[in-house]
Ligand code: ADP
Ligand code: MG
């Protein structure tokens with residue numbers, strides 16, 4: 001990447017202020033799924049082993065800009081200490097005199113975790129004075145929180161602009177490098193699978209990648225806006241009225257008059273339909289249309305077969321968004337079958353990337369998370385990256401130093 005990275009930094013004896021994404025589920029004062037904590041370990045271990053003085057900061061949940069013990073990072077400090085097998089000192093706040101004292105006492109290789117930065121409303125509004133107080137804790141800054149890279153907050157963008165050296169941690173670097181490859185140099189055939197509910201966001205992704213892919217498979221709630229744009233009856237299915245015209249345009253581009261520029265744009269051929277997302281009974285509607293009184297809640301068997309066939313031809317796969325209302329067991333089949341097909345294609349040598357909170361949950365449900373090449377830790381961030389939007393958290397990092405030219409022999 002064209003930004004400073006952790007390996008460019010001199011860490012020994014330095015106060016290393018590091019933004020991580022420790023926004024993990026907490027229940028009964030204990031950390032639930034610790035995937036995000038583990039994802040930050042390569043960066044954390046590097047700072048410790050190089051003899052840096054590590055000051056970690058993160059947000060957790062949405063505490064409304066004031067302290068709320070429900071959203072304390074204390075359970076995370078305990079959990080992290082267990083993973084590192086060394087003490088992690090927990091600060092009572094992220095700024096102020098007592099925290100500054102704790103910071104100044106840190107020795108080489110020691111770890112301090114600041115309390116939730118969102119206990120201050122100045123975090124999300126990126127107040128310069130608050131950012132300065134955070135930045136003063138460190139001599140160098142590392143951002144390893146890809147999940148919040150699309151937000152211009154004090155702990156992501158504010159401090160990066162103040163400290164002279166602001167670098168990407170290993171996690172952020174690997175996310176950026178992988179997603180860049182999916183945008184700029186994917187091996188073909190390249191199959192993109194999109195689903196879920198956020199139609200407008202995902203249309204931006206389609207617009208940005210449409211000239212680079214071999215096929216786009218659209219399922220889930222967003223498919224109905226496309227079917228509507230084609231003039232198909234969609235009954236009471238999810239519809240984003242404001243996106244119909246853009247959806248139509250995307251399909252016109254896909255159907256390019258020049259055969260070499262044409263790509264497969266595959267919409268559901270059949271559906272599982274029900275009277276509501278929670279309805280106990282459901283049926284398969286055997287063709288494209290859905291009658292009023294019913295809504296599409298999952299892709300049907302013909303669609304699963306068609307998607308599977310395409311997926312198995314791919315050398316690169318990007319997937320975001322479930323194929324149906326997978327939270328309901330009855331409507332999870334399409335999503336689980338697509339997850340299995342992506343895993344199978346990966347086993348056959350394809351490179352697969354999956355982003356999105358619900359998509360990752362669906363992977364776990366299908367039991368194939370370990371078979372995917374890259375599971376992104378950022379839902380919104382990965383989607384914005386794929387849509388070609390500059391992420392403020394990355395833009396705020398220092399520019400990479402020019403490598404010295406190798407002198408001619
Ligand atoms: P991600 O978090 O992976 O980016 P989204 O948030 O865009 O995905 O979409 C996930 C949501 O989409 C899920 O809550 C799921 O129930 C919903 N969804 C999927 N298919 C349908 C459908 N056919 N109708 C309504 N909602 C759907
Ligand atoms: Mg979601």
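The values are calculated or read from the model by the stated rules, or taken from the named source; none is laboratory data. Being a predicted model, the structure only gives us computed values, none of them experimental. Positions of Cβ are generated from backbone atoms using ideal geometry, with glycine treated the same way; all protein chains shown enter the neighbour counts.
Here are the numbers for the structure shown:
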quantity: Failed condition for residue 377, given (1) in contact with a strand residue (DSSP E or B) (Cβ under 8 Å, 6 or more places away or on another chain); (2) within 16 Å of ligand 2 (Cβ to nearest atom); (3) over 20 Å from residue 221 (Cα atoms); calculated: (1)
quantity: Hey, residue 334 assigned by TED's automatic domain parsing to the domain that holds residue 201, at positive phi and more than 16 Å from ligand 2 (Cβ to nearest atom) or not; calculated: no
quantity: Breaking point among (1) within 16 Å of ligand 2 (Cβ to nearest atom); (2) touching a strand residue (DSSP E or B) at 6+ places or on another chain (Cβ under 8 Å); (3) within 23 Å of residue 309 (Cβ to Cβ), for residue 353; calculated: (1)
quantity: Matching residues in the range 20-38 - criterion: being at pLDDT 95 or above and part of a helix (DSSP H, G or I); calculated: 37, 38
quantity: Qualifying positions in the range 190-202 - surrounded by fewer than 24 Cβ atoms within 10 Å (Cβ to Cβ) and either within 16 Å of ligand 2 (Cβ to nearest atom) or not assigned by TED's automatic domain parsing to the domain that holds residue 322 (or both); calculated: 197, 198, 200, 201
quantity: Every residue from the range 362-381 that is away from ligand 1 (no atom under 12 Å from the Cβ), assigned to a helix (DSSP H, G or I) and closer than 16 Å to residue 311 by Cα; calculated: 371
quantity: Unique residue being surrounded by fewer than 21 Cβ atoms within 10 Å (Cβ to Cβ) and either within 26 Å of residue 6 (Cα to Cα) or free of Cβ contacts under 8 Å to residues at least 24 places away in the same chain (or both) when the list is 181, 212; calculated: 181
quantity: Residues that are over 16 Å from the mean Cα position of the chain (by Cα) and surrounded by 15 or more Cβ atoms within 10 Å (Cβ to Cβ), drawn from the range 20-40; calculated: 26, 31
quantity: Every residue from the range 156-168 that is outside any helix (DSSP H, G or I) and surrounded by fewer than 24 Cβ atoms within 10 Å (Cβ to Cβ); calculated: 163, 164, 165
quantity: Residue match in the range 296-319 (condition: within 15 Å of ligand 2 (Cβ to nearest atom) and either crowded, with 18+ Cβ neighbours inside 10 Å or without any contact (Cβ under 8 Å) to a residue 40 or more places away in the chain (or both)); calculated: yes
quantity: All strands (runs of 3 or more DSSP E) inside the range 41-155 with 2 or more residues being within 23 Å of the chain's Cα centre (by Cα) and surrounded by 24 or more Cβ atoms within 10 Å (Cβ to Cβ); calculated: 53-57, 140-143
quantity: Filter result (within 14 Å of ligand 1 (Cβ to nearest atom), outside any strand (DSSP E or B) and closer than 14 Å to residue 318 by Cα) within the range 336-361; calculated: 338, 339, 342, 356, 359, 360
quantity: Residue list for the range 206-217, restricted to those being more than 13 Å from residue 256 (Cα to Cα) and out of contact with any strand residue (DSSP E or B) (no Cβ under 7 Å at 6 or more places or on another chain); calculated: 207, 208
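Condition check ((1) surrounded by fewer than 16 Cβ atoms within 10 Å (Cβ to Cβ); (2) outside the structural domain of residue 168 (by TED's automatic domain parsing); (3) within 13 Å of ligand 2 (Cβ to nearest atom); (4) within 23 Å of residue 197 (Cα to Cα)) across all residues:
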site: 358; (1), (2), (3), (4): no, yes, yes, yes
site: 372; (1), (2), (3), (4): no, yes, no, yes
site: 381; (1), (2), (3), (4): no, yes, yes, yes
site: 399; (1), (2), (3), (4): yes, yes, no, no
